[in-house]
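Enquirer: Input: one structure, supplied below.
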Amino acid sequence: MQIAPNTVASLAYVLTNIQGNTLDQADAQHPFVYLHGSHSIIPGLDNALNGKQAGDTLEVTIPPEQAYGLKDDSLMQQVPRSMFAGVEEEHIIPGAEFHAQTNGGMQTIVISAVDGDTITIDGNHPLAGQTLHFDVTVLEVRAATKDELSHGHAHGPGGHHHH
């Protein structure tokens, strides 16, 4: 069976940046499972996997525009340290991630700089602006179940349990 809309694919992959550093990976024991065509993975990878089948391997390099987008400077802002009231001092450092409630829902922000009482935060996805390289092995492809299609995502072994 080929990967197509309304199929569920299980993948093993290694994700690296253009410097060759491993950013993420999944193996056959803990595969990445997704519903194809559900916008649950970046467009460049979704397109590259179309038509592939179990046993196929591929290497794909995806520009930022087909991954997590370009860095948006408007998502970077300087805020007063008082915005972090209640956060322990040792957690207010560059690279620290926080979840913030925004108009668009829950968003991850990262502290990019600390200058006295001025904290620079970045609301871009951590991989925004990066060219990504995937080395992928397709492990399994199957038809999505009716539940998966109605929920818009793949379910793990033994079905899906909403809490």
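Enquirer: Out of all the residues in segment 118-145, which are touching a Phe, Trp or Tyr at 6+ places or on another chain (Cβ under 7 Å) and open to solvent by 60 Å² or more (accessible area, probe 1.4 Å)?
Expert: His125, Asp135 - these are the residues of segment 118-145 that are touching a Phe, Trp or Tyr at 6+ places or on another chain (Cβ under 7 Å) and open to solvent by 60 Å² or more (accessible area, probe 1.4 Å).
Enquirer: Something else now. How many residues does segment 114-149 contain that are among the aliphatic types (A, V, I, L, M) and within 30 Å of Val79 (Cβ to Cβ)?
Expert: 6
Enquirer: For segment 41-90, which residues satisfy the criterion of being exposed (fewer than 13 other Cβ atoms within 10 Å of the Cβ), among the acidic types (Asp, Glu) and at pLDDT below 95?
Expert: Asp73, Glu88, Glu89, Glu90
Enquirer: Quick check on segment 58-77: of everything there that is in contact with a Leu (Cβ under 9 Å, 6 or more places away or on another chain) and part of a helix (DSSP H, G or I), which residue is farthest from Val114 (Cα to Cα)?
Expert: Result: Gln66.
Enquirer: Please state which one of His99, His162 is more than 21 Å from Ala26 (Cα to Cα), outside any loop (DSSP other than H, G, I, E, B) and at pLDDT below 90.
Expert: Being more than 21 Å from Ala26 (Cα to Cα), outside any loop (DSSP other than H, G, I, E, B) and at pLDDT below 90 holds for just one of His99, His162, which is His99.
Enquirer: Does His155 satisfy the criteria of being at pLDDT below 95 and open to solvent by 30 Å² or more (accessible area, probe 1.4 Å)?
Expert: Here the answer is no, as His155 does not meet what is asked.
Enquirer: Now a separate question. Taking the condition of being without any contact (Cβ under 8 Å) to a residue 24 or more places away in the chain, touching a strand residue (DSSP E or B) at 6+ places or on another chain (Cβ under 9 Å) and not acidic (Asp, Glu), how many residues in segment 84-125 meet it?
Expert: 19
Enquirer: Is at least one residue of segment 94-117 exposed (fewer than 15 other Cβ atoms within 10 Å of the Cβ), touching a His at 6+ places or on another chain (Cβ under 7 Å) and farther than 28 Å from Gly20 by Cα?
Expert: Looking through segment 94-117, at least one residue is exposed (fewer than 15 other Cβ atoms within 10 Å of the Cβ), touching a His at 6+ places or on another chain (Cβ under 7 Å) and farther than 28 Å from Gly20 by Cα.
Enquirer: For segment 3-32, enumerate the residues that are surrounded by fewer than 19 Cβ atoms within 10 Å (Cβ to Cβ), touching a residue at least 60 places away in the same chain (Cβ under 8 Å) and under 16 Å from Thr145 (Cα atoms).
Expert: The answer is Asn6, Ser10.
The values are calculated or read from the model by the stated rules, or taken from the named source; none is laboratory data. Computed from a prediction, not measured in an experiment: that's the story for all the values here. Counting neighbours? That spans all protein chains shown, and the Cβs are built from the backbone with ideal geometry, glycine included. Heads up: the accessible areas ignore ligands, DNA and RNA and are worked out on the full protein's heavy atoms, side chains in. Shrake-Rupley method; radii C 1.70, N 1.55, O 1.52, S 1.80 Å.
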